[in-house]
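Colleague: Starting off with a structure, shown below.
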Amino acid sequence: MRKVTVNMKEPLDRRQDRITSHLPTGRHREITRLGGAVPSMSTIAIAWVGLALACTRSSPPAIPEFNPPKPVVTEETPPEVVVEKPKPVVEEAKPKPKPEAPKPEPPKPVEKPAPPPPKPAEPEKKAPTIIGTWRVTEMKMGDGPSPPEFEQMQMTFTFTEDGKMKMSMSAAQMPQAQEKEGTYTLSDGKITITMDNETKTASYTLEGDNKLTLEIEEHGQTMRFVMTRV
């Protein structure tokens, strides 16, 4: 059997020429020799079928479906906006002012010693007054001594502010004291006493506040009473 090689890459007309050149023309061409025997009909049929198959264009190889690659969508990260912070303004250090020299302290005022507290006012000395009760300590007539009866007698005079007076007298021979009341007035060192409808004027002298002297003119003689405050 003679093989016919057909290059499928050759053009169709050249492949046909190549195949027909091997076919019998007018007489039987020996296609294949097998030990000098004439090929049988079956062999010839197979050869025709092979030629027919050889002439038939083989279907092109399956071309895979072209799927264009999907575009890769990359999410673009927006560029980071870097906001530059303003640089702090560094103020130039101002020179410190020179400290002022301390001012001299004003002289402290000299404290004057406090004056001593005032002395409490002395109570006003009251003028000697006849007001009060007086006891007769001495009774004389003229320049003579006190009568002997006076040694056993007690006599007092009481003067009040409203111009009243009272005389009290007691003795050993008297069962009870005798009292007489009256009035008095003072004027220019004189005292006028009215008692039992009888008025007598005498001069009086106060020596301090505890001694009183009365002098009364009686029958041409001076009767003196010396008294002390009770």
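Colleague: Assuming R0 = 35 Å, can you tell me the calculated FRET efficiency for the pair Gln176 and Glu218, based on Cβ-Cβ distance, to the nearest 0.05?
Modeller: Calculated value: 0.85.
Colleague: Pairs to check: Lys126/Lys180; Lys190/Lys211; Lys166/Lys211. Give those whose C-alpha atoms are more than 23 Å from each other in this structure. Present the calculation step by step, with values, prior to reporting the outcome.
Modeller: Values: Lys126/Lys180 29 Å; Lys190/Lys211 16 Å; Lys166/Lys211 18 Å.
Table pairs above 23 Å Cα-Cα are Lys126/Lys180.
Colleague: While we're on this one: For Glu181, what charge total do you get from the other residues with a beta carbon under 10 Å from its beta carbon, if Lys and Arg give +1 and Asp and Glu give -1?
Modeller: Overall, the nearby charge balance is +1.
Colleague: Let me ask you something else. Order these by the 10 Å Cβ neighbour count, fewest first: Phe157, Phe225, Phe150.
Modeller: The fewest-first ordering by Cβ neighbours comes to Phe150, Phe225, Phe157.
Colleague: Run the quick spin-label model on Lys211 and Lys166: label points 7 Å from Cα toward the beta carbon, then report their separation in nm to one decimal.
Modeller: Label at Lys211, label at Lys166, 2.8 nm between them.
Colleague: Which lysines, if any, have their Cα less than 26 Å from the Cα of Lys85, not counting same-chain residues under 8 positions apart?
Modeller: Here the lysines satisfying the reach criterion relative to Lys85 are Lys94.
Colleague: Also, I was wondering about something else. Whole angstrom only: what separates the Cα centroid of the range 169-230 from the Cα centroid of the range 106-155?
Modeller: If we compute the Cα centre of each part, the gap is 22 Å.
Values in this text are rule-based calculations from the coordinates and carry no lab data. Computed from a prediction, not measured in an experiment: that's the story for all the values here. Virtual Cβ from ideal backbone geometry, glycine too; neighbours counted across all protein chains shown.
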